[in-house]
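See below for the structure under consideration.
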Amino acid sequence: MYKVLVTEHIAEAGIELLRNQPDVELTYDPELFRNFDKILEIIPEYDAIITRSGTPVNKELLERARKLKVVGRAGVGVDNIDLDEASRRGILVVNAPTGNTLAATEHTMGMMISAARLIPYAHKSLKEERRWDRKKFMGVELAGKTLGIIGFGRIGSRVGIRAKAFDMKVIAYDPYIKREKAEKLGVELVDDLDVLLRRSDIITVHTPLTDETRNMITKKEIEKMKDGVILLNIARGGIINERDLYEALVSGKVRAAAVDVFTKEPATDNILLDAPNIIVTPHIGANTFESQTNVAVIIANQVLAALRGDEVEFAVNAPYEDTAAAKVLKPFMELAEKLGLFAVQVACSRSKEIVLEYRGDLGEDLKPLTTAFLKGFLEKIVDIPVNLINAPFLAREKGISIVEVRRPEGINFKKLMRVTCKSDAGEFTIAGTVMDEKFPKIVEINGFLFDLTPEGKLLLIKNFDVPGVIGKLGSILGKYNVNIAGFQLGRIERGKEAKGVILVDNDVPPEAIGEIKDIPEILEVKQINL
Ligand code: NAD
């Protein structure tokens, strides 16, 4: 019998589900989170605890929880849970990130129409000020307008489907989804964010908050947009820079905005509250009765699966065993993660299949290496920790199938990990090894041989193997004050195509990349951060 403790209110459907399990003994006390001492007293008896954000699942609690196997967070954020301590103790933490997809989608539609038609302002004018002011509230129609969706995942794609029902033209920017996903829905996927910024009448962001998406929309991006654009952020505070949005609303460049999420919440003194033509809500995107029910059912099922040893879809941590074998594998895991990071920044983000080839004796269990690769590959795209348990699910969600191939013999090196990304655009291959059992090295890129330490910033270049290219490159980088720390060239045959890697000390500005692309002998250039 599994003893499950629920310390906060969750929707009845989840409680019913747990109550009906023959192998579960449930204690449901929705007010218990107010009495932490009592929780500490009883926790040693329980196999699972389900909380919302009010119960501190901290070191003190976890130390006493001798039988605890799983912590369920009925919702998304896990700030109240000490993930490291749980991992160390082999306790799995699960959450329910998909329960509120429709709630957030519908809130976006509501906010979009409200911003286009100024509904909250008209409501306030009539109800609170008792004014019959019809001329003042002139709006714009959605029909015929272009909606630009940044981040075409669960919510973004559903917003797209609904916008099409309003006769909007929908375009999307998401470098990490398969083209077919958008095409199937009649949505045009653009490869360049600038194109979306220039073409859209309304822009809505639906990405996670990552290093790449924080401040994705600033003054510079807003300047590229149409005059009178409408902007929406129902995703995460900080994707659109708040001060720059405020200024653009004041100047009228942005006609209206709708925002549900803020960099600091509660956001009762946020600068955006003083902006004209903005519609704000206090992070209620997920607040529907239905979504609360979904979350409760998802978390109940996740906890049951974890207790019974079945597959868990939404693991937030990965309890680990610090074995000797894991220590030997560590430098290869570092390499695998770097190969993932490299791959996602070149052509691999739209891959259909990624083949991970393990050559030589890399141990019995390849899972840690594959997970480390996926960690590097996915961590720029998602805002949750990628781990042993959730990595395969996350890859599947992106429509990527991962194939592991093991070969007993190495090539050139005794042990080698080689990655091949297969997409409609062709194949990309990168391989690496570990030198002196300590130092990860990239040894091959698309058939060209290298000896590269995978760290820092670099430019990956494909060019014609003719004299003078390096000089031209060097003078452009010099002009933009970019110091070259190292340079390697790989070629298969003299006078044909060559591949070059330039290690640089600082970021190469987009203008410099533009000039490099204009060198006639240069076929491709890509900046990569490892
Ligand atoms: P998702 O993971 O299904 O989709 C996110 C998409 O963003 C993915 O397709 C990913 O490829 C894409 N992406 C990642 N980095 C990108 C980049 N640099 N440029 C362009 N696209 C990028 O997530 P989801 O469930 O659709 O949630 C989207 C956002 O909405 C998240 O930030 C989530 O926290 C937020 N959310 C808010 C509320 C609310 O209450 N307002 C409720 C639910 C979700």
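The values are calculated or read from the model by the stated rules, or taken from the named source; none is laboratory data. The structure displayed is predicted, hence computed values, not measured ones. Cβ: placed from backbone, ideal geometry, glycine included. Neighbour counts: every protein chain shown. Ligands, DNA and RNA are stripped out before the accessible areas are found, and what is left, the full protein with its side chains, is counted by its heavy atoms. Shrake-Rupley method; radii C 1.70, N 1.55, O 1.52, S 1.80 Å.
Check region 14-36 and report whether any residue there is touching a Gly at 6+ places or on another chain (Cβ under 9 Å), touching a residue at least 60 places away in the same chain (Cβ under 8 Å), assigned to a strand (DSSP E or B) and hydrophobic (A, V, I, L, M, F, W, C).
Let us first name the residues in region 14-36 that are touching a Gly at 6+ places or on another chain (Cβ under 9 Å), namely 33-34.
Remaining after also requiring touching a residue at least 60 places away in the same chain (Cβ under 8 Å): none.
Looking for residues that are touching a Gly at 6+ places or on another chain (Cβ under 9 Å), touching a residue at least 60 places away in the same chain (Cβ under 8 Å), assigned to a strand (DSSP E or B) and hydrophobic (A, V, I, L, M, F, W, C), one finds none in region 14-36, hence no.
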Exercise for the section: Return the residue satisfying two criteria in turn: it lies in region 475-518 and is surrounded by 13 or more Cβ atoms within 10 Å (Cβ to Cβ) and more than 34 Å from the chain's Cα centre (by Cα), and of such residues it is farthest from Phe448 (Cα to Cα). Expected result: Glu497
Practice task
Return yes or no: is Val346 open to solvent by 60 Å² or more (accessible area, probe 1.4 Å), more than 28 Å from Thr101 (Cβ to Cβ) and of a type in the set (A, V, I, L, M, F, W, C)?
Solution key: no
Fill in the blank from the handout: Residues of region 89-115 being more than 16 Å from the ligand (Cβ to nearest atom), in contact with a helix residue (DSSP H, G or I) (Cβ under 9 Å, 6 or more places away or on another chain) and open to solvent by 10 Å² or more (accessible area, probe 1.4 Å), in sequence order, are Arg89, Leu92, Ile113
Exercise for the section: Could you tell me which residue of region 129-175 is farthest from the ligand (Cβ to nearest atom), considering only residues that are within 32 Å of the chain's Cα centre (by Cα) and aromatic (Phe, Trp, Tyr)? Expected result: Phe166
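Of a type in the set (Val, Ile, Thr) and within 16 Å of the ligand (Cβ to nearest atom) - does that describe any residue in region 116-128?
In the first step, residues of region 116-128 are kept if they are of a type in the set (Val, Ile, Thr); the result is 119.
Going one step further and asking which of them are within 16 Å of the ligand (Cβ to nearest atom), we end up with none.
There is no residue in region 116-128 that is of a type in the set (Val, Ile, Thr) and within 16 Å of the ligand (Cβ to nearest atom).
Quick check, is Asn241 out of contact with any His (no Cβ under 7 Å at 6 or more places or on another chain) and surrounded by 18 or more Cβ atoms within 10 Å (Cβ to Cβ)? Before you say what the answer is, go through the steps one by one.
On the way: out of contact with any His (no Cβ under 7 Å at 6 or more places or on another chain): yes; surrounded by 18 or more Cβ atoms within 10 Å (Cβ to Cβ): yes.
It is true that Asn241 is out of contact with any His (no Cβ under 7 Å at 6 or more places or on another chain) and surrounded by 18 or more Cβ atoms within 10 Å (Cβ to Cβ).
Within 15 Å of Lys415 (Cβ to Cβ) and in a helix (DSSP H, G or I): does that describe Glu334? Quick ask: steps written out before the conclusion?
Numbers: within 15 Å of Lys415 (Cβ to Cβ): yes; in a helix (DSSP H, G or I): yes.
In short, yes.
Counting only residues that are in contact (Cβ under 8 Å) with a residue 24 or more places away in the chain and over 9 Å from Glu353 (Cα atoms), how many does region 396-409 have?
The first filter runs over region 396-409 and keeps only residues in contact (Cβ under 8 Å) with a residue 24 or more places away in the chain, leaving 398-409.
When the remaining residues are screened for being over 9 Å from Glu353 (Cα atoms), the result is 398, 404-409.
Number of matching residues: 7.
Quick one: which residue in Gly186, Gly160, Gly148 is at pLDDT 95 or above and more than 26 Å from Ser401 (Cβ to Cβ)? It would help to see each step written out before you state the result.
On the way: Gly186 fails: more than 26 Å from Ser401 (Cβ to Cβ); Gly160 fails: more than 26 Å from Ser401 (Cβ to Cβ).
Just a single option satisfies the conditions, and that option is Gly148.
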Completion exercise
Selection from region 354-385 of residues under 18 Å from Thr210 (Cβ atoms) and either open to solvent by 30 Å² or more (accessible area, probe 1.4 Å) or free of Cβ contacts under 8 Å to residues at least 24 places away in the same chain (or both) yields Lys375, Glu379, Lys380, Asp383, Ile384, Pro385
Completion exercise
Within region 283-320, residues being in a loop (DSSP other than H, G, I, E, B) and touching a residue at least 12 places away in the same chain (Cβ under 8 Å) number 14
Exercise for the section: Look at region 386-412 and say how many of its residues are open to solvent by 60 Å² or more (accessible area, probe 1.4 Å), part of a loop (DSSP other than H, G, I, E, B) and on the phi < 0 side of the Ramachandran plot. Expected result: 4
Exercise for the section: All but one of (1) of a type in the set (Val, Ile, Thr); (2) open to solvent by less than 60 Å² (accessible area, probe 1.4 Å); (3) more than 15 Å from the ligand (Cβ to nearest atom) hold for Val295, so report the exception by its number. Expected result: (3)
Exercise for the section: Looking only at region 33-45, decide whether some residue is buried (at least 21 other Cβ atoms within 10 Å of the Cβ), at pLDDT 95 or above and within 16 Å of the ligand (Cβ to nearest atom). Expected result: no
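Do we have any residue at all in region 248-262 that's farther than 16 Å from Ala104 by Cβ, surrounded by 14 or more Cβ atoms within 10 Å (Cβ to Cβ), of a type in the set (Gly, Ala, Ser) and under 21 Å from the mean Cα position of the chain (by Cα)?
Initial filter on region 248-262 (farther than 16 Å from Ala104 by Cβ): 248-257.
Now restrict to residues that are surrounded by 14 or more Cβ atoms within 10 Å (Cβ to Cβ): 248-249, 253-257.
Of the ones still in play, those that are also of a type in the set (Gly, Ala, Ser) are 248, 256-257.
Among the residues that remain, those that are also under 21 Å from the mean Cα position of the chain (by Cα) are: none.
The answer is no; no qualifying residue exists.
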Practice task
Return only the number of the condition from (1) of a type in the set (D, E, K, R); (2) farther than 29 Å from Glu221 by Cα; (3) assigned to a strand (DSSP E or B) that Lys526 does not satisfy.
Solution key: (2)
Practice task
Could you list, in sequence order, all residues of region 59-76 that are outside any helix (DSSP H, G or I), away from the ligand (no atom under 16 Å from the Cβ) and open to solvent by 50 Å² or more (accessible area, probe 1.4 Å)?
Solution key: Arg66, Lys67, Lys69
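Specify which of the listed residues (Thr288, Thr268, Thr281) is open to solvent by 20 Å² or more (accessible area, probe 1.4 Å), under 30 Å from Leu18 (Cβ atoms) and β-branched (Val, Ile, Thr).
Thr288
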